[in-house]
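*Asks:* Pasting a structure below so you can have a look.
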Amino acid sequence: MHYNRRGRRAGSSTAFAARRKIDRQQRSDENAPVTVAWAIGALIIFAASLVMGLAGFGIALVAMAFLPWVMSPVTAVVLLTIYALVFSIVMVIPLVREIVPRALVDLLVGSAVGTPLGVWILATLPVTALNRLIGAFLLLVCLLEFRRALPTQATGRGWGLSAGFLSGVIGAALGTPGPPVIVYASAQNWSPRAFKANVTGFFVVNQAVILVGYWWAGLMTPDVWQATAVFAAPALVGVAVGVALFGKLDPARFRRVVFALLSFSALVLLVKG
């Protein structure tokens, strides 16, 4: 056998050096500023943020159809909730005077009741079940959109409380609180400014309450904060581009393309989990 000056066998020393080289390479890959997973995630978040800039909602509805392919669904849900809160605060400020207080209170009361159930679902379901739940929910939303099976009038406090409750549950569990509130707001005959003001105002409080629930459940992890920082640039650029393009694109055609992509991804998530 051959030994080096410190009494180690030469083969053992060589293996040790090779292992350290591999470890250094792995750490270098993990710390690399741009990876394939980062590029895909950045593209998804950019597109989802662009949709929110255009429509005032939809960041999670778009992103959650694709983000589970590149990161944990739990991390994705919490990450998008943080972005949605920040963007909603910015967008609601110029529209505060258009808010209808009674409708907003009904939505928020219902949401407060439904949020704990949603947090429990997110914290306890396995990843495969959560992916399939996301796929099923997105597919349901797309089917309702394509069939135009949404109510045209929703009067009475029960509608607001019910929409808020459903938004609290699915918002906390899947990161997509928008659809029930959008359906409710669409049936109120509000002006476009009032529509956006009340929906966005709801999101500000709803997302803040949900984030408190995530913190209480221990879901605000270092991984979440790291992902939030890493993807902040594409998110900010996306929402800025969406705001700039507002009114310049055909909303109907854009909406059809978005929901077609959502349907495809929803089917894949539902089947493969």
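The values are calculated or read from the model by the stated rules, or taken from the named source; none is laboratory data. Quick caveat: nothing in here was measured; it's all calculated off a predicted structure. Cβ atoms come from the backbone with ideal geometry, glycine included; neighbour counts cover every protein chain shown.
*Asks:* Consider only pairs whose beta carbons are under 9 Å apart and that are at least six residues apart or on different chains; among these, list those whose first residue lies in segment 208-234 and is over 20 Å from Ala173 (Cα atoms) and whose second residue is among the polar types (S, T, N, Q) and assigned to a helix (DSSP H, G or I).
*Replies:* Short answer, once both residue conditions are applied: Pro234/Ser49.
*Asks:* While we're here: Which residue out of Val109, Val70 is closer than 26 Å to Thr221 by Cα, among the β-branched types (Val, Ile, Thr) and modelled with pLDDT of 85 or more?
*Replies:* Result: Val70 is the single residue among Val109, Val70 that is closer than 26 Å to Thr221 by Cα, among the β-branched types (Val, Ile, Thr) and modelled with pLDDT of 85 or more.
*Asks:* If you scan segment 171-188, which residues turn out to be in a helix (DSSP H, G or I), among the small types (Gly, Ala, Ser) and either without any contact (Cβ under 8 Å) to a residue 24 or more places away in the chain or over 11 Å from Gly58 (Cβ atoms) (or both)?
*Replies:* Matches in segment 171-188: Gly171, Ala172, Ala173, Ala185, Ser186.
*Asks:* Looking at segment 37-93 only, could you name the residues that are without any contact (Cβ under 8 Å) to a residue 60 or more places away in the chain, over 23 Å from Phe202 (Cα atoms) and assigned to a helix (DSSP H, G or I)?
*Replies:* Within segment 37-93, Ala37, Ala39, Ile40, Ile44, Leu67, Trp69 qualify.
*Asks:* Residue check, Val243 against (1) closer than 29 Å to Arg102 by Cα; (2) of a type in the set (A, V, I, L, M); (3) at pLDDT 80 or above, all met but one. Which one?
*Replies:* (3)
*Asks:* Can I ask one more? Does Ile89 satisfy the condition of being at pLDDT 85 or above and over 22 Å from the mean Cα position of the chain (by Cα)?
*Replies:* Criteria not met by Ile89.
*Asks:* Related question: From the list Ala76, Ala39, Ala47, Ala60, which residue is surrounded by 24 or more Cβ atoms within 10 Å (Cβ to Cβ), at pLDDT 85 or above and at negative phi?
*Replies:* Ala76
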